[in-house]
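Report on the structure given below.
The values are calculated or read from the model by the stated rules, or taken from the named source; none is laboratory data. Only a predicted model underlies this, so the values are computations on that prediction, with no experimental measurement involved. Every residue, glycine among them, receives a Cβ derived from its backbone with ideal geometry; neighbour counts consider all protein chains shown.
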């Protein structure tokens, strides 16, 4: 007997990871004390997944169908949201909290993703908050903007989003390539999942709008720095290992672009609120 | 000089007076503070708990003094500055900074990583659910009965969830910590919504005993000013004029940024 559908499905979405991510999933099916309840497509999950991969922490990967949430997840987290981490049968959620937990719990698993200097640690937490409270909501306002015929309104959302990207990038260490310098930190993996999804705007929203190299005008320096950062992120093994086939993302993102998506984040964006 | 923003008593009063006076000498750390500000009080409590030397400087954030804006671009209190002038902003990030920089002075986070994660989860809940609900209630006018009732229900619910987890007398039991720090300034201020907005401590199981323990904690008591001065400051909210970013954020339904 199949479980009743818990909500209207967002799309005929592809049920599991693909491409490189599938290899990673397959390699993490064995029982482990740490279990990651995941949606292969979810950028919040990817934040946590990146840290697990970076630090080579053993974990069991459990795919969660958002329309058929397993009881095992609901017992841990009544809202059934991903990512949920199960550690010794106890639940952990909220991606930023989980990422700090992994640093606290596995200090011997390198790399350490928090700088030693307390002030730099604090500074990176501020710019992590910025990702969650400014960049992600504006990403979604841009993505979900309707009607698409209102090109002026769409461009306002585009410029708002690009402005936040620039403001964040301006705080990066000058050399980099990562936010804080030569070494990646949590903040890079807080933002990374959205940076690797920006192709959506070129496909579905009339263009992302980041000027080509040499065309940035007054913003040339900051866009160059951004490009340098993105190149470094995309080159990380952890990012490659947690990325699925682009075509399988399309039906999901089409729903966001049409503003018919029913995820908590989609609804929050429509009602003018931030990340739930 | 023209002042925008509420008229309020310019300095700390009551028990906080002496604490301010005891922190007028230059030290490694400087706390740029608004005596009235609950977010300032979080950072102030943490400094006091950990007995970290600091200089206290009173700031009227509504004046937008350029010197202050240079170290705190949004012009928000609290700001902590280091000897080289580097700032730390955001009350909770300041608290985590003090933990990182002074780990052995009266630690305010549990040693166990899972418990630390629990602390951070509940601090997030306090910041994202309890505090905005408090401000929405404060701003709902007597003429807006529906708004008040909704805001009161939201505050009660947000408080109820976290109070369920309190071991007593403090969040983790005997040890006072950052979860307590995160909410204590609102235990100090809930008398305002009791008097003006129909809030009752008894309506939330566990809040009365936790709030009393918080109010009587030394670090909280000595960073608290006279009650009447808080009412005077909050006259702006009580009239829903909200000059502050907190007020604007609460009115538009967003988390405080």
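So is residue A:245 in contact with a helix residue (DSSP H, G or I) (Cβ under 7 Å, 6 or more places away or on another chain), within 23 Å of residue A:25 (Cβ to Cβ) and outside the structural domain of residue A:14 (by TED's automatic domain parsing) or not? Taking the combined requirement at face value, the residue satisfies it. Test residue A:104 against the stated conditions and say whether it is more than 16 Å from the chain's Cα centre (by Cα), surrounded by fewer than 21 Cβ atoms within 10 Å (Cβ to Cβ) and within 11 Å of chain B (Cβ to nearest Cβ). Yes; evaluated as a whole, the condition is true for this residue. Within the range A:92-101, is there a residue that is surrounded by fewer than 18 Cβ atoms within 10 Å (Cβ to Cβ) and either at pLDDT 95 or above or more than 10 Å from every other protein chain (Cβ to nearest Cβ) (or both)? Checking the range A:92-101: not a single residue is surrounded by fewer than 18 Cβ atoms within 10 Å (Cβ to Cβ) and either at pLDDT 95 or above or more than 10 Å from every other protein chain (Cβ to nearest Cβ) (or both). Within the range A:65-89, the set of residues being at pLDDT 95 or above and more than 14 Å from the chain's Cα centre (by Cα) comprises A:84, A:85, A:86, A:87. Quickly run through the range B:30-52 and pick out the residues that are in a loop (DSSP other than H, G, I, E, B), in contact with a strand residue (DSSP E or B) (Cβ under 7 Å, 6 or more places away or on another chain) and more than 23 Å from residue B:237 (Cα to Cα). Within the range B:30-52, just B:52 meets the criteria.
The rows are residues; the columns are (1) without any contact (Cβ under 8 Å) to a residue 12 or more places away in the chain; (2) surrounded by fewer than 22 Cβ atoms within 10 Å (Cβ to Cβ); (3) out of contact with any helix residue (DSSP H, G or I) (no Cβ under 6 Å at 6 or more places or on another chain).
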site: B:116; (1), (2), (3): yes, yes, no
site: B:127; (1), (2), (3): no, yes, yes
site: B:138; (1), (2), (3): no, no, no
site: B:146; (1), (2), (3): yes, yes, yes
site: B:167; (1), (2), (3): yes, yes, yes
site: B:170; (1), (2), (3): no, yes, no
site: B:174; (1), (2), (3): yes, yes, yes
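Checking each residue in the range B:80-89 for being in contact (Cβ under 8 Å) with a residue 40 or more places away in the chain and either within 20 Å of the chain's Cα centre (by Cα) or at the interface with chain A (Cβ under 9 Å from one of its Cβ atoms) (or both) picks out B:80, B:81, B:82. Is it the case that some residue within the range A:56-73 is out of contact with any helix residue (DSSP H, G or I) (no Cβ under 6 Å at 6 or more places or on another chain) and within 11 Å of chain B (Cβ to nearest Cβ)? Within the range A:56-73 (the criterion being out of contact with any helix residue (DSSP H, G or I) (no Cβ under 6 Å at 6 or more places or on another chain) and within 11 Å of chain B (Cβ to nearest Cβ)), the answer is no, since none of the residues qualifies.
Checking the conditions here, which among A:187, A:222 is within 23 Å of residue B:86 (Cβ to Cβ) and buried (at least 19 other Cβ atoms within 10 Å of the Cβ)?
From the options A:187, A:222, the qualifying one is A:187.
When residue B:118 is tested against the conditions (1) at the interface with chain A (Cβ under 10 Å from one of its Cβ atoms); (2) within 19 Å of the chain's Cα centre (by Cα); (3) closer than 29 Å to residue B:200 by Cβ, the lone failure is (2). Restricting attention to the range A:8-34, which residues are assigned to a loop (DSSP other than H, G, I, E, B) and in contact with a helix residue (DSSP H, G or I) (Cβ under 8 Å, 6 or more places away or on another chain)? Listed by number, the residues that qualify are A:10, A:11, A:12, A:13, A:14, A:16, A:17, A:18.
All of (1) within 12 Å of chain B (Cβ to nearest Cβ); (2) on the phi > 0 side of the Ramachandran plot; (3) touching a helix residue (DSSP H, G or I) at 6+ places or on another chain (Cβ under 7 Å) hold for residue A:80 with one exception: (1). Annotation note: of B:224, B:236, the sole residue that is at pLDDT 95 or above, closer than 25 Å to residue B:7 by Cα and either more than 14 Å from chain A (Cβ to nearest Cβ) or surrounded by fewer than 20 Cβ atoms within 10 Å (Cβ to Cβ) (or both) is B:224.
Results for (1) free of Cβ contacts under 8 Å to residues at least 40 places away in the same chain; (2) facing another protein chain (nearest Cβ under 9 Å); (3) under 25 Å from residue B:218 (Cα atoms), shown as yes or no for each residue.
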position	(1), (2), (3)
B:68	yes, no, no
B:72	no, no, no
B:75	yes, no, no
B:78	no, no, yes
B:99	no, yes, yes
